[in-house]
Amino acid sequence: MTDRFALRAPVDHEVLLGEIQHVLAALADVETDFAVACEQRGWDPDQEGPPTPDLRRLEAERQRRREPLMRRLDSLDKACRALKPGNAH
């Protein structure tokens with residue numbers, strides 16, 4: 001099975017930087033959406049005690065959206081580490 005997020009060679013630092021910025025912006029959107037949804041409902045996700053079923057659903061949606069972005073970020077991190085100054089464009 002191939003990683004649909006796999007980078008195609010050759011890749012340079014500028015391409016990686018743009019991809020990382022894109023993924024980080026998407027992660028920020030996920031976190032902002034979660035925080036806004038909690039605020040609109042008057043919820044504190046850090047509150048003591050067990051979460052309500054609605055909060056659990058909201059947290060599950062947040063995690064579902066985060067997972068592919070975190071996998072992509074990990075892939076980009078590995079690509080950055082693999083780049084050496086001599087083979088960057």
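Points to keep in mind about this one:
- The residue of segment 2-19 that is modelled with the highest pLDDT, among those that are in contact with a His (Cβ under 9 Å, 6 or more places away or on another chain) and not hydrophobic (A, V, I, L, M, F, W, C), is 14.
- Complete set of residues in segment 20-64 that are within 30 Å of residue 76 (Cβ to Cβ) and either at pLDDT below 90 or touching a His at 6+ places or on another chain (Cβ under 9 Å) (or both): 45, 46
- Cβ separations smaller than 8 Å between residues 6+ apart or across chains give no pair from segment 29-43 residues that are in contact (Cβ under 8 Å) with a residue 40 or more places away in the chain to residues that are surrounded by 12 or more Cβ atoms within 10 Å (Cβ to Cβ) and assigned to a helix (DSSP H, G or I).
- Top-ranked residue in segment 8-60 [being within 30 Å of residue 81 (Cβ to Cβ) and charged (D, E, K, R); ranked as surrounded by the most Cβ atoms within 10 Å (Cβ to Cβ)]: 19
The values are calculated or read from the model by the stated rules, or taken from the named source; none is laboratory data. Just so it is clear, the structure is predicted and the values come from calculations on it, not from any experiment. Because the Cβ atoms are built from the backbone with ideal geometry, glycine has one as well, and the counts that use them run over all protein chains shown.
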